[in-house]
Every structure is written in C-alpha cells, then in structure tokens.
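Comments concern the structure below.
The values are calculated or read from the model by the stated rules, or taken from the named source; none is laboratory data. A quick note: this is a predicted structure, and the numbers were derived from the prediction, not measured. Glycine gets a Cβ as well: all are built from the backbone with ideal geometry, and neighbour counts include every protein chain shown.
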Amino acid sequence: MASRTRTSKTSTESTPAAKSSRGTSVNRVILVGRLVANPELRETGNGIHVTTVRVATNDREQAEFHDVVLWRQQADFAVTYLTKGRLVYVEGRLQGRTWEAADGSQRRTVEVVADSFRALSTKQAPDPAA
C-alpha cells in the first residue's frame, strides 16, 4: 500500500481575501450628549447649509468634546430648534481634515459627519427668574 503525501495550504494562502492585507473596517460613531453652544448656520459657496456643533459627552469624571458637522436639512433643523444644553443623539462617521492656519502651520482635526441627528430632550421653558 503506497502512502500518499498530502500537502495543504496554510490558512493565509487558502482564501482570496487573505492575500490582501486589507480587512473589513468600520467607521461608525454614536454619541449621546449635550450641545455646548447654540448652532450657527453657514453656507458654502454653492449655497448648501452647514453647521458645526460641539457635543459634550461625560464618561465617568472626564468630559469629552466632539465636533459634529451637519449638512443641509440637519443643519437647518439644528439652527431652528436646538439650543445650548439640549440632549442630542448623533450617528455618523469620523472624518479627518487638514488646513493651513494663519501663522502658516498645518493643522489637523477629526470631526463626526452626522448621518442621523435627533433631539432627545424637549425644549426648555424660559427661566421666569431671569
């Protein structure tokens, strides 16, 4: 009885996806926090509405601040209905960008570009003592 020698491929050689060093990645952010300031509407050169809001989240004792970019109807909604201190839900993706500052240095920031943006708290009544 002749013995057969079997050769097997290693797990990295057997799958087509393993040949590439790129794997599946996820760029998803979900935040629940409070607005730090009232949103201010800006307009691009093409007339598209945009606003950047800062959302504060608190994980235990350390507060974190996140810049969130809202486009078109989301920007209009935020400017019209939201004010400082409102609790919001944000879902989106991280996006980095660089720019040149006035002093000539290169600056970099990472922002959340919102896909979904909702108010979670109701509008607060004005303080009668003020």
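Considering each of Ala102, Ala37, Ala56, Ala78 in turn, give the residue that is out of contact with any helix residue (DSSP H, G or I) (no Cβ under 8 Å at 6 or more places or on another chain) and without any contact (Cβ under 8 Å) to a residue 12 or more places away in the chain.
Sole residue among the options that is out of contact with any helix residue (DSSP H, G or I) (no Cβ under 8 Å at 6 or more places or on another chain) and without any contact (Cβ under 8 Å) to a residue 12 or more places away in the chain: Ala102.
Could you check the stretch 43-64 and list, in sequence order, the residues that are modelled with pLDDT under 95, surrounded by fewer than 12 Cβ atoms within 10 Å (Cβ to Cβ), of a type outside the set (S, T, N, Q) and touching a strand residue (DSSP E or B) at 6+ places or on another chain (Cβ under 9 Å)?
Glu64
Can you report the number of residues in the stretch 96-117 which are out of contact with any Gly (no Cβ under 6 Å at 6 or more places or on another chain) and surrounded by 13 or more Cβ atoms within 10 Å (Cβ to Cβ)?
Result for the stretch 96-117: 2.
So Leu31 fits all but one of (1) of a type in the set (A, V, I, L, M, F, W, C); (2) modelled with pLDDT under 95; (3) not in a loop (DSSP other than H, G, I, E, B); what number is the exception?
Here Leu31 clears every test but (2).
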